[in-house]
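What follows is a single structure, written as structure tokens, with notes after it.
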Amino acid sequence: MSHETPSLPVAFIGGGNMASALIGGLIQSGHAPSAIRVVEPLAAQAAKLRERFGVSVDEAAGPALADAGLVVWAIKPQLFREAATPCAAHVRQALQLSVMAGIRIGAIEAATGSARVVRSMPNTPALVGRGMSGLFSSAAVTVEEQVQVERLLQPTGALLWVEREELLDAVTALSGSGPAYVFYFLEAMMRAGVELGLSADQSRRLAVGTFDGAAALAAQSADAPSVLRANVTSKGGTTHAAITTLDERGVMDAFVQALHAAARRAKELGDEFGG
């Protein structure tokens, strides 16, 4: 059953890539551009948002923010405190939705004066409606408000609520940063394809198509990825040669360690910026 997204007045603090992904998803689902306001100090980015989406964009926070029923914090965590100061007087009555890595609910409550905070860790495939977002809310957020957030984020992709705020550090490591890992492996596959004689375009189509198909198979199959991998890895065959090389070089362990590093950095951001 599909939901028609209500045109609740929404304000975005920050108008970069993630805000653009979320705004695009909202408008695609029928949300009125006139009900969306963005605070974006960079003139070039502000112009791009106006032209692309037809939304109102302000260079700085002002009284117009008070109309928003939902405020989406979509800025780099390092900029949060600086950005929150001029916004606080206008947004304290609104439900706060943060898509910032690491900034904890306590810090958002203190900076905005609102106890109604939902943290979401989305990723950039939200731009094409295929995002994956982890969510956690403060105790003051009602079930109705959680549903409101879900409906607003629904056009961007899949949603997963977690039971403890600290688990958002793991969500950040897996899915928040995750598209970069996929792009990293796509780069490697495309490089190998070219080295093996394929054109760059052929290599890209083969690599992207393979990732897309394998992910779809994993999503639809009841088998674990390890089983799916074993199903295409005949001993002595081509896949076995590739996987053996990866194992000999410790790629899986290195990859797991990389995600632990991402989770540690998310925690460090929270420690550094309060809350």
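Just so you know, in region 211-242 the residues that are hydrophobic (A, V, I, L, M, F, W, C) and outside any helix (DSSP H, G or I) include one that is farthest from Ala188 (Cα to Cα), and it is Ala222. With the condition kept exactly as written, say whether any residue in region 117-129 is out of contact with any helix residue (DSSP H, G or I) (no Cβ under 7 Å at 6 or more places or on another chain) and free of Cβ contacts under 8 Å to residues at least 12 places away in the same chain. Scanning region 117-129 turns up at least one residue that is out of contact with any helix residue (DSSP H, G or I) (no Cβ under 7 Å at 6 or more places or on another chain) and free of Cβ contacts under 8 Å to residues at least 12 places away in the same chain. Note on region 175-197: residues that are within 28 Å of His31 (Cβ to Cβ) and either among the polar types (S, T, N, Q) or touching a residue at least 60 places away in the same chain (Cβ under 8 Å) (or both) amount to 3.
Run down Phe80, Phe53, Phe12 and say which single residue is aromatic (Phe, Trp, Tyr) and farther than 22 Å from Arg116 by Cβ. Can you show your working first?
On the way: Phe80 fails: farther than 22 Å from Arg116 by Cβ; Phe12 fails: farther than 22 Å from Arg116 by Cβ.
The match here is Phe53.
Looking at this structure, is Arg81 basic (Lys, Arg), in contact (Cβ under 8 Å) with a residue 40 or more places away in the chain and surrounded by fewer than 16 Cβ atoms within 10 Å (Cβ to Cβ)? Spelling it out, Arg81 is indeed basic (Lys, Arg), in contact (Cβ under 8 Å) with a residue 40 or more places away in the chain and surrounded by fewer than 16 Cβ atoms within 10 Å (Cβ to Cβ).
On the given criteria, is Asp223 at pLDDT below 95 and touching a helix residue (DSSP H, G or I) at 6+ places or on another chain (Cβ under 9 Å)? I'd like the intermediate steps shown before the answer.
Details: at pLDDT below 95: no; touching a helix residue (DSSP H, G or I) at 6+ places or on another chain (Cβ under 9 Å): yes.
Answer is no for this residue.
Yes or no, residue by residue, for (1) surrounded by fewer than 17 Cβ atoms within 10 Å (Cβ to Cβ); (2) at pLDDT below 95; (3) of a type in the set (A, V, I, L, M):
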| residue | (1), (2), (3) |
| --- | --- |
| Val91 | no, yes, yes |
| Gly113 | yes, yes, no |
| Met121 | no, yes, yes |
| Val147 | yes, yes, yes |
| Thr172 | no, yes, no |
| Ala180 | yes, no, yes |
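Here Arg204 does not fit the description of being assigned by TED's automatic domain parsing to the domain that holds Ser29 and basic (Lys, Arg).
On the given criteria, is Asp253 charged (D, E, K, R), closer than 26 Å to Pro77 by Cβ and loosely packed, with under 12 Cβ neighbours inside 10 Å? If you could, list the steps in order and put the result at the bottom.
Values: charged (D, E, K, R): yes; closer than 26 Å to Pro77 by Cβ: no; loosely packed, with under 12 Cβ neighbours inside 10 Å: yes.
In short, no.
When each of Leu95, Leu135 is tested for being within 16 Å of Met18 (Cα to Cα), in contact with an Asp or Glu (Cβ under 9 Å, 6 or more places away or on another chain) and either among the small types (Gly, Ala, Ser) or modelled with pLDDT of 95 or more (or both), the lone residue that passes is Leu135. Evaluation of Arg130 against the conditions (1) in contact with a Gly (Cβ under 9 Å, 6 or more places away or on another chain); (2) over 21 Å from Ala263 (Cα atoms); (3) crowded, with 20+ Cβ neighbours inside 10 Å shows that the sole unmet condition is (3). Checked against (1) surrounded by 15 or more Cβ atoms within 10 Å (Cβ to Cβ); (2) without any contact (Cβ under 8 Å) to a residue 40 or more places away in the chain, Leu168 passes all but a single condition, namely (2). Within region 195-205, can you find the residues that are surrounded by 14 or more Cβ atoms within 10 Å (Cβ to Cβ) and assigned to a helix (DSSP H, G or I)? Once the filter is applied, which keeps residues that are surrounded by 14 or more Cβ atoms within 10 Å (Cβ to Cβ) and assigned to a helix (DSSP H, G or I), region 195-205 yields Ser203, Arg204, Arg205. Please tell me if Ile75 is under 17 Å from Asn17 (Cα atoms) and surrounded by 14 or more Cβ atoms within 10 Å (Cβ to Cβ). Spelling it out, Ile75 is indeed under 17 Å from Asn17 (Cα atoms) and surrounded by 14 or more Cβ atoms within 10 Å (Cβ to Cβ).
Mind checking which helices (runs of 4 or more DSSP H) fall wholly inside region 2-103 and carry at least 2 residues that are more than 26 Å from Gln154 (Cβ to Cβ)? Lay out the reasoning, then the answer.
Working: elements: 17-28, 43-53, 80-91.
Here the list reads 43-53, 80-91.
Can Gly102 be described as touching a residue at least 60 places away in the same chain (Cβ under 8 Å), touching a Lys or Arg at 6+ places or on another chain (Cβ under 8 Å) and either buried (at least 19 other Cβ atoms within 10 Å of the Cβ) or outside the structural domain of Gly15 (by TED's automatic domain parsing) (or both)? Against the criterion (touching a residue at least 60 places away in the same chain (Cβ under 8 Å), touching a Lys or Arg at 6+ places or on another chain (Cβ under 8 Å) and either buried (at least 19 other Cβ atoms within 10 Å of the Cβ) or outside the structural domain of Gly15 (by TED's automatic domain parsing) (or both)), Gly102 qualifies.
The values are calculated or read from the model by the stated rules, or taken from the named source; none is laboratory data. None of these values were measured; they are calculated from a predicted model. In this analysis, Cβ positions are derived from the backbone assuming ideal geometry, glycine residues included, and neighbour counts consider all displayed protein chains.
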